[in-house]
Amino acid sequence: MATLSQDPTKQDEIGQDPAKEGPAKKGPAKEDRTKQGPKKGRDQIQVKGLRSPRWAVTAMFILNGALYGSWAARIPSLKQSFDLSAGDLGLLLLLMSGGAIAAFPVSGGLTDRFGAAKVTLVCAVVCCVSIALVGYSPVIIMLSIAVVLFGAGLGAMDVAMNAWAAEVERGYGRSIMSSFHAFFSVGAGVGAGLGAFAAWEGISYGHQFFIFALILSPLIWFSALPNVFSPSKEQLIPQKDKPEPETTKPKGPRLIMPRGALLVVALVAFSCAVGEGAMADWSAVFLTSVIKVGEGQAAFGYTVFSITMVAMRFVGDRLIIRFGPVNILRFCGGAALIGSSLTATASGLWMTYLGLALMGVGYSIVFPLVFSRAANSKQLSPGVAIASVATFSYGGLLLGPPLIGFIAEISSLRFAFGLFVLLALVVVVGSVAFRQGDVRDKSS
């Protein structure tokens, strides 16, 4: 990141120092600058077309989200097949999350050693194989092992693909992380929708997992294209436009607690994760038990939350480029603050829907900003930094639902939803930690 922002003489798209160009660079150089002048902020190391690294990373985010969505949609079928109690299912889900958390530091170390792209592709293969194993596990012991492997694959891939996305983002010289997370949400929605359709049609989850993994596996080959095959010369931006590799960033240990500004970033991620995780499990319950509406209207509440989140992620990059990460994070925190306040105090259905929509807006761009900021940390290498922040994120997703339940048990569900107001304040206050690593500021 520092090489893109601190040495303007190396940035052809920003404009070279005329005093250092020398007299030898005449006609063609001038023509190049003329062509590149209007393209400030455009990518510098991208490969054009469908074989670009950006599309390769996008495919991996879609695959990761689709596999997770497919799994989530068939959890009831799996519970029925093995006759699991609520406690047994909770333990199984805890094993999956434990596998993911255990894989974070390992993936961070491997990413720094072998490269984010290679680790992402290997993890994608593990995810496709392991979800098929989950589907065809005949006994609970084998199911537990397969679920741990699937969780570890998803967690390791989450770290690696975000590190890969951050590399591509640095090459573009502007924010593109939000679009990757938008496609993850799209993939999750498609996976969940197809899973629900398979359940409706009576297709076994084992057959569905196997067929779905088989259908998604070509995305792995597609994502390997920019790395395995050499693109033609005309597809590449000239070598002189590429930033020099960063060799001074320290390589941290595989498992480390974030410190300083990165700790604030991790706390922002944790606050957002608690809210996002709780929304999935408690928004419908809140609508039925507090607002007193039917199950159909209650289920639509989470749909409103999800739609606004995905929509904001698709426009998030433009907003970040225009207003900067700090301002956008303050806006997101403010939206979450207003939305959670409306939801916690609402007495009617439409006011609750409005509150949930604002919470979707508030949580939408936080994770893309968090992972982008972590990958550009000056304290740790990208893989280790992302792994440390991802641990806080998953911790929030795990802690959110039971925390709301515990508070509701000793007080009320409406009072428990007031916790989201405090978490939104953490996002607003923590936005100051996102000044460093601003990919849109090339002059600092």
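The values are calculated or read from the model by the stated rules, or taken from the named source; none is laboratory data. The shown structure was predicted, so the numbers you read here are calculated from the model rather than taken from an experiment. Here the Cβ is made from the backbone with ideal geometry for all residues, glycine too, and neighbour counts use every protein chain on show. The accessibility values were calculated without ligands, DNA or RNA, using every heavy atom of the protein model including side chains. Shrake-Rupley method; radii C 1.70, N 1.55, O 1.52, S 1.80 Å.
Relative contact order (percent) for region 359-417, with alpha-carbon contacts under 8 angstrom and 6 or more residues of separation?
Taking the mean separation of contacting Cα pairs over the length of region 359-417, I get 17 percent.
Let me spell out the model: positive unit charges on the Cβ of Lys and Arg, negative unit charges on the Cβ of Asp and Glu, origin at the Cα centre of region 78-176. What dipole size does that give, in debye rounded to 20?
220
Can you work out ³J(HN,Hα) from phi for every residue in region 319-334, in order, using Karplus 6.51 cos²θ - 1.76 cosθ + 1.60 and θ = phi - 60°, giving whole Hz and x for Gly and Pro?
5, 5, 5, 6, 10, x, x, 5, 5, 5, 5, 5, 4, 4, x, x
With a cut-off of 8 Å between alpha carbons and a minimum separation of six or more residues, what is the relative contact order of region 265-351 in percent?
Relative contact order, region 265-351: 25 percent.
Considering the dipole of region 40-180 built from charges on the beta carbon (Lys and Arg +1, Asp and Glu -1) around the Cα centre, which of F61, A166, G135 is farthest to its positive end?
In region 40-180, that residue is A166.
Roll a 1.4 angstrom probe over the protein heavy atoms and tell me the percent of accessible area of region 351-408 that is carbon or sulfur. Before the final figure, lay out the partial values.
On the way: 1120 of 1350 Å².
Of the solvent-accessible surface of region 351-408, carbon and sulfur hold 82 percent.
State to the nearest 20 debye the size of the charge dipole of region 310-444 about its Cα centre, where the only charges are +1 on K and R beta carbons and -1 on D and E beta carbons.
So the magnitude is around 400 debye.
Per the Cauchy relation, a quarter of the hull surface: what is the mean projected area of the convex hull of the alpha carbons in region 133-208, in nm²? Don't skip to the end; give the middle numbers.
Details: hull surface 23.6 nm².
If I average the Cα hull's projected area over directions, I get 5.9 nm².
Residue by residue through region 137-142, which ³J(HN,Hα) values in whole Hz follow from phi under the Karplus form 6.51 cos²θ - 1.76 cosθ + 1.60 (θ = phi - 60°), with glycine and proline marked x?
Whole-Hz 3J(HN,Hα) from phi for region 137-142: 6, x, 10, 5, 5, 5.
At 0.36 nm per residue, minus the direct Cα-Cα distance, what do L214 and L399 gain on full extension? Give it in nm, one decimal, please.
Net length gain for the segment: 63.3 nm.
Using the Cβ atoms and a cut-off under 12 Å, what net charge is assigned to the surroundings of P401, where Lys and Arg are +1 and Asp and Glu are -1?
Taking every Cβ under 12 Å from that of P401, the sum is -2.
Before I look further, what does region 272-318 give for accessible area per residue, probe 1.4 Å, in whole square angstrom?
43
Quick one: compute the contact order of region 50-178, relative version, from alpha carbon pairs under 8 angstrom and 6+ residues apart, as a percent. Don't jump to the answer; show the numbers that get you there.
Values: 128 pairs, mean separation 45.4, N = 129.
Once normalised by length, the contact order is 35 percent.
Which Cα, out of F323, Y302, V285, lies furthest along the positive dipole direction of region 276-329 (beta carbon charges, K/R +1, D/E -1)?
F323
Residues in region 66-98 near a label at A199, defined as backbone nitrogen under 11 Å from the 7 Å Cα→Cβ point?
70-80
What nm distance separates the two modelled labels at V125 and K378, each placed 7 Å from Cα along Cα→Cβ?
Spacing of the two 7 Å Cα→Cβ label points: 3.9 nm.
Given the Cα-Cα distance of L93 and T288 and 0.36 nm per residue of separation, how much length would full extension add, in nm?
67.7 nm
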